[in-house]
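Below is one structure, written out as structure tokens, with a few remarks after it.
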Amino acid sequence: MTAPVDAVPTDPDFTALTERHRRELHVHCYRMLASFDDAEDAVQETYLRAWRGQAGFDGRLARAWLYRIATNVCLDMLRRTGRQPRTVRSYAEVPWLQPYPDRLLDEIAPGEEQPDAVAVNRETIELAFLAAMQLLPPRQRAAFLLRDVLGWTAADTAEHLATSVAAANSALQRARATLQAHLPARRADWAGGPADERERELLTRFIDAHERCDAAAALAVAAPDIRVTMPPQPMCFDGVATIAPLLERAFGPDRDGDWRLLPTSANRLPAAASYLRRPGDTAFRAFKLDVLQIRDGRIAEITTFGHALF
């Protein structure tokens, strides 16, 4: 989406004070929508609305003003799409779920000038958190993010949602109750903490098994109850017995070609970018992204996405 020429601001101060918040606004919209692409559209619409309304712009309140616009844009998008699954037993039930590259999360550097940096911690950007958020009605989702993730006051949250403090607090309490039923009660338990040497070693073994097309080695790093999902496809595979045919298809004599994988990370989780060289081709071409959830020294879950974000 491109702003009309006459809507582009001519005031350099407006641009300087608003553009610095673009990445954190994108992360906020991503938490609301669970889709990288939809978040991009939401941010574009946010800046378009901001450009059109800059007559009332107060540079001292630029960040809060932009968050209010972005939140309302997301609420409008959610009303139009009606996306709210009844249950989230697996990521297969959230087909719009997309990964968020860590290299872009890292653009929000810690510092007094960027207070949202603290909110890009692992437990509030992991896929499990994003999927659970989708269970919340839109306004509950917004209230929870503004209060419990961004740390805003009840009064500020109510103002941004154009409601009363009592209504905002009620939405927050209902959101907390829903999330507690789907996530550990303590935020520190939502994730396993920062990636450590064991996770990097498991990712290395995962990559090596794939490049050697060694199914036994791939299963050796998998938990017995491993789960594999492939959003937006509705498939969900539980347990090593169910993924064995997938490995045979990927690694066996009838496979589509040879694999090369690069280590990376998304949503503060280890990931591997896979490239496939098909028979008769001379190049390895982007194929998929595997995001790994690791528990107790084994790969407990693999979420496979397409290569659109490469």
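For the chain, the spread of Cα positions along the three principal axes, ordered from largest to smallest, is 65, 44, 36 Å.
Taking 0.36 nm per residue of separation and subtracting the current Cα-Cα distance, fully stretching the chain between residue 286 and residue 16 would add 93.6 nm. In the frame of its principal axes, region 178-308 has Cα extents of 53, 28, 27 Å, reported largest first.
Highest average first, the peptides 136-149, 92-105 ordered by how many other beta carbon atoms sit within 10 Å of their residues are 136-149, 92-105. Over the C-alpha trace of region 12-83, radius of gyration and Dmax come out as 11.9, 38 angstrom. Each residue of region 205-213 was assigned a 3J(HN,Hα) from its phi angle through the Karplus expression (A = 6.51, B = -1.76, C = 1.60, θ = phi - 60°), giving 5, 4, 5, 4, 4, 5, 5, 8, 6 Hz with x at Gly and Pro. Using the Cβ-Cβ distance between residue 219 and residue 86 with R0 = 25 Å, the FRET efficiency computed as 1/(1 + (r/R0)^6) comes to roughly 0.15.
Treating the Cα atoms of region 207-283 as identical point scatterers in vacuum, please give the log10 of the normalised Debye intensity I(q)/I(0) at q = 0.16, 0.19, 0.20 Å⁻¹, two decimals. Log-scaled intensity ratios, in q order: -0.68, -0.96, -1.06. Taking 0.36 nm per residue of separation and subtracting the current Cα-Cα distance, fully stretching the chain between residue 41 and residue 249 would add 71.2 nm. A 1.4 Å probe run over the protein chains yields, for the chain, 48 Å² of accessible area per residue, whole-number rounding. Taking all protein chains together and a 1.4 Å probe, the residues 19, 159, 45 rank 159, 19, 45 from largest to smallest accessible area.
Derived scalar couplings between HN and Hα for region 32-46 equal 5, 10, 6, 10, 4, 5, 5, 5, 4, 4, 5, 5, 4, 5, 4 Hz in order, rounded to whole Hz, by the Karplus curve 6.51 cos²θ - 1.76 cosθ + 1.60 (θ = phi - 60°), x for Gly and Pro. Probe radius 1.4 Å, ligands and nucleic acids ignored: give me the carbon and sulfur share of the accessible area of the chain as a rounded percent. Carbon-and-sulfur percentage of accessible area, whole number: 52. The alpha carbon centroids of region 240-310 and region 12-27 are separated by 35 Å.
Protection proxy ranking for 164-176, 274-286, using the average of other Cβ atoms within 10 Å per residue and placing the highest first: 164-176, 274-286.
Which whole-number percentage describes the relative contact order of region 147-290, with Cα contacts under 8 Å and a sequence gap of 6 or more?
Details: 151 pairs, mean separation 21.1, N = 144.
Value for region 147-290: 15 percent.
The values are calculated or read from the model by the stated rules, or taken from the named source; none is laboratory data. It should be emphasised that the depicted structure is a prediction, and the values quoted were computed from it without experimental measurement. Neighbour counts are summed over all protein chains in view; Cβ atoms, including those assigned to glycine, are modelled from backbone coordinates with ideal geometry. For accessibility, only protein heavy atoms count, side chains too; no ligands or nucleic acids. Shrake-Rupley method; radii C 1.70, N 1.55, O 1.52, S 1.80 Å.
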